[in-house]
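To start, the structure itself, in structure tokens.
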Amino acid sequence: MRLWIVIISITLSVQLLAQGSAPPAELKALQQGLTQRERDWLQLTTRWRVRIEVLPKPQEVIEAELKAIEQDVKRRFQRGELNQQQMEQVLQHARKGMFTQRKKEVGESILKVEGQGDYWIASGQICTVGNAENKALVIKEVLLPGSYVISSLKQPIETQHASKAPDWLDSTRVQFVMPEARTFLMPRNPILTRVLLLGENPLHWMPSEFVSVQKQGAAYILHSRYWYHNPERVKEQWPVGREVPNDPTQQLIANMGLKVTFYVDSTRQFAITRFEGIQGDEVVEVNRWYRFGSLWLPAKIVIQEFETDVVGGEEVIRDGIRYWQGGRIARRLATRTTIELLSVDWTRRSIAFKDMLPADQSLVDYRLGVDTHRTVTYRYSGRFPSLKELSELYQQQQRQLASTQAGNGWATKWVWLVPALLITVGLLWFLRTQRHFIKRNDPR
Amino acid sequence: MLISGMLLILILMHRGKISPAFVDAQIILLILNLVFIAIIILYFVSRVEHSILPQFAWLVEAVYGWLWIAAFVSVWLGTRINRRWLRIAQGTIGLLLLTVLITVLLHAAGYLPYPWVQVYTFRGYHRPHGLLTSPLEAGLMALIGWAWGLYWALQSDFRRFAGLFLTGFSTAIVYLTLSRSAWFGLGLAVIGGLLFALHQKRFWLPIGLTIGIFIVCSIELPIGWQRSIYAAQGDPSVLTRLTGWQGVATTLLRYPFGVPDQLSAIEPPGTLTLPGAALNFYLEIALAFGIVPLLLTGIIFSMLLARAWWLGSRGLPEAAWGLGTIATAVAVLFTYPSVLVSIPLGGLWGMVSAMEVKPDAPPRLYHD
């Protein structure tokens, strides 16, 4: 009898605990709705026009930034870190850079997204503003739901035909594995545009323990304390770097909590209607909708990004630490991105993933760190190695590289032998020929 | 220093100031051939086995500067003192050329033996390159094939028909690659060929065939001409070259003995043209090795072009190789040959250099 009581008590406790950790009904409903939406979008082919406008900085902000740079450069000059010529070069470069920020810059591109049932193929021109290096390049990317991006090599493009760019990339295979938030094609915050343009479920990117959901009528409001910023994962806290104590902006907005909010409309098949980024620095609104069968697609999306400037004030050094005093914070609209839906249709051609990425193809994997250049090259065996396996492969390849470099170093020492041999033999032949010539012409 | 020394030796060889000793030359030929064979094998193996690409890239970096010079020396020696070796080398290079050109044609027809990372397209048309890595490389190879075909077409035996076929085939390949540098080179060579044809009737047929094939290709695939017109309409590849060339003078003034490898660490980006960014064979020599090798290369190519003209004005069938020299010397104004193409290209120039010149020789049609 006692045993039965113990068993029943344990069963009930487990049941209660399980109920306690289950996601709330709202979250569950939202998860289901967003998953269904993603599944439907994986059958669609869409074309989008992306227009990025970088708005000019106010004159007072430019002057303040230039002043700060000049002070810093002069300080480095006084410390002997820069010579006169270098100081002038840096200042000239900074002034030139500031000059470009006085005018509005615009970039435009066309992007095609093909849902293939279990992955998306995105192709098009890389959208850049100003005289960026990538301006005349097109690329193809394979995006796996809630997972990595596999990119092709960037291809040069004839500029006046940029609008047709996506169709030129049909046979380009993909060979670079990138982290989820590193794509060349998705403009601005890549994770956000994945959600907006691919119909990807945003809950892929936010662990449930950081998420809360409110239901207001037909709308769901999804808050997360976990998000992607430039394009690193951040949680709970705004990523303020203590390593830049002299950055006035960073000091003034330090220690702010992190929260992003998605507004989801269940009457429009769980479409995202609005997004508010970290501290409201990023606001996305869908201004127009298009109905395709039972699906609702955003026909016009406007992404506004705000920047915080410190205007006025001066730098003071106290106990060896530099502070900015007397400045005021000004928030301004820095970038406006308008994305318009050009066409939508069911995907008519089916491309198997193995055709995009055949087994045995060489891959360069950047998932260990794009900026740190921790790249791993391997042959695709039909599955991607986990991050742990990738790390092991990296260590192994580094060891191999070290031994190859040692070998190369030896060979580099001796590579001059062939040219030197040719020169020596050539000179010997020349001297011999000259001697014969002199002998032949000698009257004795 | 080494490159300047080697170029100086080439000038002396061309001027007839060097008479090679037989045994020394045999040893040199053996060493150079081993280097060439190793490079050709590695070039193709690395296409299939990508894991050796880093080692191959290192090898290319180490030998690239002097490889065409070594090929020049090798064929020059073969032509002058070892005809048997020359025949073997010609056979090998001929086989390589034919294989490469056939694969370019197969690629144009939609079949690529193995995929390469870079895909070259123009308005939906896939520019073929076959076993090679780029249409530029394929265009240069086709120019060598064209010169060879022209030479055979000027003979009076069975080679005449094979030569005509090879001339037409290579012309079609030059067209299909849509490589403007190869087109330009071929265009100037054809003008040279027409001038030679005024004195020697045998040139008319192969030169006429070249023009005819080009016209047929233009009708069948007019997109090629759009690419040529496009050069004046903001083509990024043209702009890249112009930007690269603009910075060469500044770079050479600052680094007259060649740009050091570690330059990027000490110079702000964008102010100078680094080796590899000029996309011009001659300027690349200047950037990598300095002004002196550039001047010496200029002297060698002036002498080679003068030789090409001399061969043509005398009505010799060897003028076909001279026209090939004109075509390739012009084409490399807009590109630099890959490590594989450097070998037959250097060989072609070496062969033209080694051709006997007798100032008092009467005009003749040479029966080989």
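The values are calculated or read from the model by the stated rules, or taken from the named source; none is laboratory data. The structure presented is a predicted model; accordingly, all values stated were derived computationally and were not measured. Please note: Cβ atoms are built from the backbone with ideal geometry, for glycine as well, and neighbour counts cover all protein chains shown. In case anyone asks, the SASA skips ligands and DNA or RNA and just uses the protein heavy atoms, side chains included. Shrake-Rupley method; radii C 1.70, N 1.55, O 1.52, S 1.80 Å.
Data table
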quantity	calculated
Selection status of A:Glu232, modelled with pLDDT under 80, within 11 Å of the chain's Cα centre (by Cα) and open to solvent by 40 Å² or more (accessible area, probe 1.4 Å)	yes
Top-ranked residue of the range A:19-74 - restricted to ones that are under 18 Å from A:Pro207 (Cα atoms) and of a type in the set (A, V, I, L, M), ranked as modelled with the highest pLDDT	A:Leu34
Selection within the range B:48-63 - open to solvent by less than 20 Å² (accessible area, probe 1.4 Å) and away from every other protein chain (no Cβ under 11 Å)	B:Phe56
Number of the exception - B:Val238 against (1) at pLDDT below 80; (2) within 25 Å of B:Phe301 (Cα to Cα); (3) open to solvent by less than 30 Å² (accessible area, probe 1.4 Å)	(3)
All positions within the range B:134-166 that are buried (at least 19 other Cβ atoms within 10 Å of the Cβ), within 14 Å of another protein chain (Cβ to nearest Cβ) and either of a type in the set (Ser, Thr, Tyr) or touching a residue at least 60 places away in the same chain (Cβ under 8 Å) (or both)	B:Leu136
B:Met303, sole failed condition from (1) open to solvent by less than 10 Å² (accessible area, probe 1.4 Å); (2) in contact with a His (Cβ under 7 Å, 6 or more places away or on another chain); (3) at pLDDT 90 or above	(1)
Residue check for B:Arg123: at pLDDT below 90, surrounded by 16 or more Cβ atoms within 10 Å (Cβ to Cβ) and among the charged types (D, E, K, R)	no
Residues of the range A:365-376 satisfying the condition of being crowded, with 16+ Cβ neighbours inside 10 Å and either among the β-branched types (Val, Ile, Thr) or in contact (Cβ under 8 Å) with a residue 60 or more places away in the chain (or both)	A:Asp365, A:Tyr366, A:Arg367, A:Thr375, A:Val376
Odd one out for A:Gln71 among (1) more than 14 Å from chain B (Cβ to nearest Cβ); (2) surrounded by 15 or more Cβ atoms within 10 Å (Cβ to Cβ); (3) out of contact with any Lys or Arg (no Cβ under 8 Å at 6 or more places or on another chain)	(2)
Hey, B:Trp66 within 30 Å of B:Met1 (Cα to Cα), within 11 Å of chain A (Cβ to nearest Cβ) and open to solvent by 40 Å² or more (accessible area, probe 1.4 Å) or not	no
Unique match (being modelled with pLDDT under 85, under 30 Å from A:Asp345 (Cα atoms) and away from chain B (no Cβ under 14 Å)) among A:Val142, A:Val138, A:Val113, A:Val129	A:Val129
Count of residues meeting criterion [within 14 Å of A:Thr424 (Cβ to Cβ) and free of Cβ contacts under 8 Å to residues at least 40 places away in the same chain] in the range B:19-37	4
Residue that is least open to solvent (accessible area, probe 1.4 Å) [pool: residues in the range A:339-364 that are part of a strand (DSSP E or B) and at pLDDT below 85]	A:Leu363
Residue that is farthest from B:His14 (Cα to Cα) [pool: residues in the range B:306-335 that are open to solvent by 40 Å² or more (accessible area, probe 1.4 Å) and within 14 Å of the chain's Cα centre (by Cα)]	B:Phe334
Set B:Ile191, B:Ile173: member being open to solvent by less than 20 Å² (accessible area, probe 1.4 Å), over 30 Å from B:Ile18 (Cβ atoms) and among the β-branched types (Val, Ile, Thr)	B:Ile173
Of all residues in the range B:6-30 being in a helix (DSSP H, G or I), open to solvent by 20 Å² or more (accessible area, probe 1.4 Å) and facing chain A (nearest Cβ under 9 Å), the one that is modelled with the lowest pLDDT	B:Asp24
Number of the condition not met by B:Ala71 [criteria: (1) away from every other protein chain (no Cβ under 11 Å); (2) within 26 Å of B:Ala286 (Cα to Cα); (3) open to solvent by 50 Å² or more (accessible area, probe 1.4 Å); (4) among the hydrophobic types (A, V, I, L, M, F, W, C)]	(3)
